[in-house]
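A short write-up of the structure that comes next.
No lab work stands behind these numbers, since they all come straight from the coordinates. If you're wondering where the values come from, they're calculated on a predicted model, not measured in any experiment. Cβ coordinates were reconstructed from backbone atoms using ideal geometry, including for glycine residues, and neighbour counts include every protein chain displayed.
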Amino acid sequence: MGNDLDHVLFTEDQIHARLEELAAEIWADYEGKDVLLVGVLKGAILVMADLMRALPGSAPMDWMAVSSYGSGTKSSGVVRILKDLDTDISGRHVLIVEDIIDSGLTLNWICSNLRSREPASLEICTLLRKPDAAKVDIDCRYVGFDIPNEFVVGYGLDYDERYRNLRDIGTLAPHVYL
Ligand code: XMP
Ligand code: MG
């Protein structure tokens with residue numbers, strides 16, 4: 001499986017170290033507030049698992065699953081909710097936990113949907129962001145790493161549902177596509 005990677009961008013240790021930093025920042029920013037972590041399935045599962053364990057205190061979590069209408073790996077921005085939150089977020093401090101922001105279209109839709117439920121606050125934490133791929137401006141408060149506009153897998157990120165279980169994050173070798 002590791003041979004299917006072209007090159008590793010971030011090792012498991014680098015990811016964990018960065019999430020520790022973000023967790024400390026988040027905990028300080030939300031001091032005295034009950035922050036609800038909202039993960040987006042499925043890519044964010046490992047970010048959520050490691051980020052929440054890096055927090056020095058307890059924080060509840062919830063999940064939503066969405067599917068983006070569109071062809072192939074391109075996001076269209078037209079989104080359908082496959083699984084909604086279990087929690088009523090009205091009046092709550094919500095922090096969205098994401099794996100990656102690419103065009104930003106999916107997250108843009110999720111944010112306006114969640115905002116209509118009138119949370120006390122709404123912020124985003126993403127492990128990865130591709131600044132060169134942005135089609136909409138997303139105000140993301142916590143960013144793990146900015147990366148080039150390349151397709152990456154591992155640590156929750158998939159190619160056709162595979163490679164989510166890779167511990168590191170890297171680009172796929174060309175032979176995988178062929
Ligand atoms: P948008 O373009 O709406 O896309 O920001 C967000 C979703 O698309 C997936 N995505 C990726 N998945 N490697 C992946 O494994 C990538 O490089 C990549 N870029 C986008 C991902 O599900 C993300 O939530
Ligand atoms: Mg995702």
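Taking packing as the residue-averaged number of other Cβ atoms within 10 angstrom, the listed peptides 150-163, 17-30, 130-143, 90-103 run from highest to lowest as 90-103, 150-163, 17-30, 130-143. Projecting the Cα positions of CYS125, ILE15, GLY57 onto the charge dipole of the chain (unit charges on Cβ atoms of Lys, Arg, Asp and Glu, taken about the Cα centre) puts CYS125 furthest along the positive direction. If the segment from PHE151 to ARG117 were pulled out straight at 0.36 nm per residue, it would be longer than the present Cα-Cα gap by 9.0 nm. Here's the picture: charge each Lys and Arg Cβ at +1 and each Asp and Glu Cβ at -1 in the range 122-178, and of CYS140, ASN165, TYR177 the one pushed furthest to the positive end of that dipole is ASN165.
Taking the chain as a Gaussian network of alpha-carbon nodes connected by springs under 10 Å, the highest mean-square fluctuation of the residues GLY104, GLY57, GLY39 belongs to GLY57. The range 1-70 and the range 108-159 have Cα centres lying 12 Å from one another. Where both bridge residues fall in the chain, DSSP classifies roughly 35% of the beta bridges as antiparallel. Once a ≥ b ≥ c are taken as the square roots of the eigenvalues of the Cα gyration tensor of the chain, is the result rounded (a/c under 1.5), prolate (a/b larger than b/c) or oblate (a/b not larger than b/c)? Judged from the Cα gyration tensor, the chain comes out oblate (a/c at least 1.5, b/c at or above a/b). Taking 0.36 nm per residue of separation and subtracting the current Cα-Cα distance, fully stretching the chain between SER67 and SER90 would add 5.9 nm. Estimated at 0.36 nm per residue, the fully extended path between ALA173 and ALA28 surpasses their Cα-Cα distance by 48.2 nm. Anisotropy class assigned to the range 120-159 is oblate, per the alpha carbon gyration tensor with a/c at or over the 1.5 cut-off and a/b no larger than b/c.
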